[in-house]
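As structure tokens, the structure follows; a few thoughts come after it.
The values are calculated or read from the model by the stated rules, or taken from the named source; none is laboratory data. From a predicted model like this one, the values you see are computed outputs, not experimental measurements. The area values use the complete protein model at the heavy-atom level, side chains included, leaving out ligands, DNA and RNA. Shrake-Rupley method; radii C 1.70, N 1.55, O 1.52, S 1.80 Å.
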Amino acid sequence: MEKSQELIGILQAISIVAKSLAAKLMQIEKEVEAYEAAKAAAQERKAKKGWRR
């Protein structure tokens with residue numbers, strides 16, 4: 001019984017960490033999308049102005 005309780009505690013801890021990591025990953029994905037959109041917009045503005053890279 002004690003081992004079962006210990007395993008339950010470990011699984012709960014893993015679940016909490018996994019949830020936290022998933023939230024961080026979603027935030028990173030949003031930041032990457034925003035960065036890529038800004039980069040694409042900047043490249044588009046440069047192209048309209050006739051800039052060459």
Worksheet item: Under the Kirkwood approximation applied to all pairs of distinct alpha-carbon atoms, what is the hydrodynamic radius of the chain in Å?
Response: 14.6
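With each run of n ≥ 4 DSSP H residues scored as -39500 (n - 2.57), what mean residue ellipticity at 222 nm is computed for the chain after dividing by its residue count and rounding to the nearest 500 deg cm²/dmol?
On the way: 1 runs with 48 residues, N = 53.
Mean residue ellipticity, 222 nm, calculated: -34000 deg cm²/dmol.
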Worksheet item: How many percent of the accessible area of the chain is carbon or sulfur, using a 1.4 Å probe?
Response: 61
